Amino acid sequence: MTWLWTIILLIVSNIFMTFAWYGHLKLQEMHVTSNWPLFGVILLSWGIALLEYSCQVPANRIGFQGNGGPYSLMQLKVIQEVITLTVFTLFATLLFKGESLHWNHLAAFGCLILAVYFVFMK
């Protein structure tokens, strides 16, 4: 079950990461943080990033083969990248108007799927 907990924690971590990195842009668009100083927005993002790290670090610890988990370091990284781009794509296309998927984005996802295949290949 460590493989499943690793994936779940990585997904949750990447949701927080995406909000920490790009959520402030949506909040500004909604006029929530429009008048905030940059330092205030940075502190907000750091607070969200703390939640991200609270999931990312345990995910890597329990998922890493060196700690008894199922994944090598390279496998963990590729899994994390695929999750990151999936979460970001959903975030960008659902929350930001004008952002849409194009053929080259789908081609990039195809390359990521190939990366997952190659990193898990024996």
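The values are calculated or read from the model by the stated rules, or taken from the named source; none is laboratory data. Quantities reported herein were computed from a predicted structural model and do not represent experimental measurements. Note that each Cβ is placed from the backbone with ideal geometry, even for glycine, and that neighbours are counted across all protein chains shown. Keep in mind that these areas ignore ligands, DNA and RNA; they rest on the heavy atoms of the full protein, side chains included. Shrake-Rupley method; radii C 1.70, N 1.55, O 1.52, S 1.80 Å.
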**Item:** Helix-only CD estimate at 222 nm, as mean residue ellipticity for the chain, using -39500 (n - 2.57) per DSSP H run (n ≥ 4)
**Value:** -25000 deg cm²/dmol
**C-alpha long axis of helix 103-120 to longest principal axis of the chain, angle in °** = 30 degrees
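Would you work out if the stretch 1-105 is rounded, prolate or oblate? Take a ≥ b ≥ c from the square roots of the eigenvalues of the alpha-carbon gyration tensor; rounded if a/c is under 1.5, else prolate when a/b is larger than b/c, oblate otherwise.
Values: a/c = 3.38, a/b = 1.61, b/c = 2.09.
Note, shape of the stretch 1-105 comes out oblate.
Expressed as a whole percentage, what fraction of the accessible surface of the stretch 1-44 belongs to carbon and sulfur atoms when a 1.4 Å probe is rolled over the protein heavy atoms?
Answer for the stretch 1-44 is 77 percent, counting heavy atoms of protein chains only.
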**Using alpha-carbon coordinates, inclination of helix 73-95 to the longest axis of the chain, degrees** = 30 degrees
**Asked** When the dipole is taken about the Cα centre of the stretch 1-116, and only Lys, Arg (+1) and Asp, Glu (-1) are charged at their Cβ, what size is it in debye, to the nearest 20?
**Response** 100 debye
**Asked** Ranked highest first by average number of other Cβ atoms within 10 Å, how do 1-14, 87-100 line up?
**Response** 1-14, 87-100
